[in-house]
Amino acid sequence: MVERKSIISVRNVVKEFGGSVRAVDDVSLDVGEGEFFALLGPSGCGKTTLLRMLAGFEIPTSGEITIDGHLMEGVNPNKRPVNMVFQSYAVFPHMTVERNVGYGLRVVGVPVAEIKTRVTEALALVKLDQFGKRMPSQLSGGQRQRVALARALVKRPKVLLLDEPLSALDAKLREAMQLELVRLQKTVGITFVIVTHDQNEALSMADRIAVMERGGVRQVAPPSELYEFPNCRFVADFIGKMNLFEGKVSGVRAGNLEIDVRGLNRIAVPFAGAASGDIAIAIRPEKIQLDAKTPEPDRIKLRGRVTELAYFGDESHVYLENETGVSVSANLKNAVRTTTSSISIGDELWMSWSPSDTLVLSE
């Protein structure tokens, strides 16, 4: 990954409300110049509070925030080199699109001719060049979102902060806007920091993601690293779908960690680190192969009965249970055009996966 100069530096930031509720708990992270960075986590994990501290709408209880080389302590929101796009868009209903976009420039006294030029450029960036004279009531939800983006970009901030900007859109439009935001970010070249609870949104858009839980950051990494190499049970379970099994380390042999897994007996998986005692193993559903015949001896395997089937068009999710009561989910690609599934509830099948696809999680 390309090394970027840091434009945002957060150091040991804590935010408490009422002296007892710690919304952000000793967070430290850096965001690179020109990076698309995501703060991801469940509701109440502190991601929006952290974003609001970057914007200056909340003041840290302790710690430091530096943006573009300047310490933000005591700097008002309107004096920071950032702009924010809110979840509700906050588009003025009584102003045309052009006047909405140029509002912030008029407030700070930018000359009329320059406002017109910059508004035209901003509307072209979000592909609304033909919509300048329209009122917000004449726009779709996606178009109003673009107006909010143009209004933020027209001030040419160093950093654009986005608080759940696509949550009000329907699924298809949300996916289209995800691609649009990535295109826009690459075009303008400024740093985007987005808050979202939608893991697919973060995975598809961000260069790096910070996964948050209970006010703290559990892991910061590019999307593929988070998905394939999560560093703890929480990240493994939160990012995508995951089969998690509890076990206990029994030893190391020939470079493999031997683990007694509840319901799976003893398995051996490649593991370079040190581990002992209670441990978890994890396997993604798409890494699991389903067979009627016994799998190859070098694969981790168990036999189970199909208990549920869920059809999603491009793939089906198959849920199986073995004789000890362990449940496993596997993804089955629907590669052949047919209305009849090759698997039925009640089928007895082998589930297997490669030892190298097994994640070992010590925390």
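Values in this text are rule-based calculations from the coordinates and carry no lab data. Only a predicted model underlies this, so the values are computations on that prediction, with no experimental measurement involved. Glycine also receives a Cβ, built like all others from the backbone with ideal geometry; neighbour counts cover every protein chain displayed.
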Please work out the Cα convex hull volume for region 34-138 and give it in Å³ per residue. 160 Å³
Average projected area [Cα convex hull, region 33-95], square nanometres: 6.1 nm²
Dipole moment magnitude, nearest 20 debye, the chain about Cα centre, only Lys, Arg, Asp, Glu C-beta charged: 1420 debye
Any trypsin sites (Lys or Arg not before Pro) in region 159-215 that lie in a DSSP loop and have at most 16 other Cβ atoms within 10 Å would be Arg214
Region 154-221, Kirkwood Rh and Cα Rg, ratio Rg/Rh at 0.97
Please state the charge dipole magnitude for region 22-79, taken about the Cα centre, from unit charges on C-beta atoms (+1 on K and R, -1 on D and E), reported in debye and rounded to the nearest 20. 300 debye
For region 134-260, the spread of Cα positions along each principal axis, largest first, Å: 69, 29, 26
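Tell me the Kirkwood hydrodynamic radius of region 241-361 in angstroms, computed as one over the mean inverse distance between distinct C-alpha pairs.
Numbers: mean 1/r = 0.0661 Å⁻¹.
Across region 241-361, the inverse of the average 1/r is 15.1 Å.
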Protection proxy (average C-beta count within 10 Å per residue), highest first, orders 280-286, 77-83 as 280-286, 77-83
Computed from every Cα-Cα pair in region 7-66, P(r) in 5 Å bins starting at 0 and rounded to whole percents is 4, 18, 30, 28, 14, 4, 1, 0
Fewest first, what order do Val27, Val108, Val217 take by the number of other Cβ atoms within 10 Å? Val108, Val217, Val27
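Order of Asp163, Asp25, Asp129 from fewest to most other C-beta atoms within 10 Å?
Asp129, Asp25, Asp163
What ranking of Phe92, Phe238, Phe131 emerges when the number of other C-beta atoms within 10 Å of each C-beta is taken as an exposure proxy, fewest first?
Neighbour counts put them in this order, fewest first: Phe92, Phe131, Phe238.
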